Amino acid sequence: MPCGPAPRVRCPTDRGDIRDAHDLPFHDPAPSQPIHGARRRRYGSRPRRPATATAAGQTRAAAPDPVSVLSYTAKERRTALAYWTPARIKAVGKSVDLGPTGPKAKPWRGTTLKTVGRLFFVNASGADTWCTATAVKSANRSAVMTAAHCVRRGSSPVNTNTDMVFVPAYGKGKQPYGAFAVRSAMTPRTWETDSTDDLSTLVVDPDKKGRKLTDVVGGQAVAFNRAVGGTISAFGYSATRPQRGEELLRCVGKPKKKHGLQAISCDLTGGSSGGPWLADFNTTTGKGVLVSVNSSLDSLTPTEMQAEIMGALAKKVYDRAQRT
């Protein structure tokens, strides 16, 4: 399926995550109902551009902030942590079946990737679901990178996700480093208004002991404006069986430019959205350089994973988050 103006197939789990005109859902032969009833929805309006004065005394619209910020109150964050019980996490995995795991996505059996985890949330349709996310090095030691469509629907400012919790190194029900509530989420304004630039940087609260995220699990290095090429390890918690989001999967490929994005041969699918693309990945240490995140697939039976080429705008999003 072509990229660019034509719809791309986003890769959160398929239960209504992306169902607007700009994105197609994954095929789910027996779509399940949300585990709970309709959840609260955060509403807002498209931001107005402030006016600025010109030398001639006329006014013109100032350039909008290129970074869109979604924030959660302390009460909402406490609610999110209480909401994602082990039983609910187990249930959300069982509720989605995107078919058998493909031959290219292999279960990761190396050293524990403490920085990579599942990002649980309630989507804009009120359904429990998840993406993949990564703790990264940052000034505030609290930054996590994922895809913008794991935060909000594209081209739909009012449709945002709630109850967001990051669980690093999640595996088969275990949460060895606890859970971190998402305090704020930064995305490009272009994603909110035009469904372009599918990336996000989150800021999470400290854990129950007051420790900041990367003080607990470390952080992957991040690179912007890096030339496309080399070898990439892409990771994600796909909703394919037998894993159903319970194990981390990995694809290895050599990226090529395609329709303004970059792509590797990979059959990770729903649930792997937002998972890291790690260059210079060391299988012994589990460290690499994050150069992008899983964004979209080439078809409903994927053979290719696509990702943004992180440039100046991605850096602005990251910098806003790490300074928060």
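The values are calculated or read from the model by the stated rules, or taken from the named source; none is laboratory data. Predicted model, so just to flag it, every value in this text is computed and none were measured. In this analysis, Cβ positions are derived from the backbone assuming ideal geometry, glycine residues included, and neighbour counts consider all displayed protein chains. Heads up: the accessible areas ignore ligands, DNA and RNA and are worked out on the full protein's heavy atoms, side chains in. Shrake-Rupley method; radii C 1.70, N 1.55, O 1.52, S 1.80 Å.
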For K256, what accessible area in Å² do you get when you roll a 1.4 Å probe over the heavy atoms of the protein chains, rounding to the nearest 10?
-> 150 Å²
Out-of-range pairs (alpha-carbon distance over 21 Å; input K114/K315; K94/K254; K114/K209; K75/K316; K209/K287) = K114/K315; K94/K254; K75/K316; K209/K287
Spatial separation of Cα centroids for the range 262-324 and the range 173-197, in angstrom | 13 Å
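About its Cα centre, how strong a charge dipole does the range 252-324 have in debye, to the nearest 20, once Lys and Arg get +1 and Asp and Glu get -1 at the Cβ?
Roughly 340 debye for the range 252-324.
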If we restrict to alpha carbons, what Rg and Dmax does the range 224-300 come to, in Å?
-> 12.3, 37
Dipole magnitude (debye, nearest 20) for the range 99-227, charges at Cβ of Lys, Arg, Asp, Glu | 640 debye
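With charges set only on the Cβ (+1 for Lys and Arg, -1 for Asp and Glu), what does the dipole of the range 171-305 come to about its Cα centre, in debye to the nearest 20? All intermediate terms of the calculation are to be shown ahead of the outcome.
Numbers: 17 positive and 13 negative charges, 85 e Å.
With only Lys, Arg, Asp and Glu charged at Cβ, the dipole is about 400 debye.
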Any idea of D215's accessible area? Nearest 10 Å², probe 1.4 Å.
-> 90 Å²
Report, in whole Å, the centroid distance computed from the Cα atoms of the range 125-150 and the range 244-258.
-> 17 Å
Give the accessible area for F224 in Å² (nearest 10); use a 1.4 Å probe, count only protein heavy atoms, and leave out ligands, DNA and RNA.
-> 40 Å²
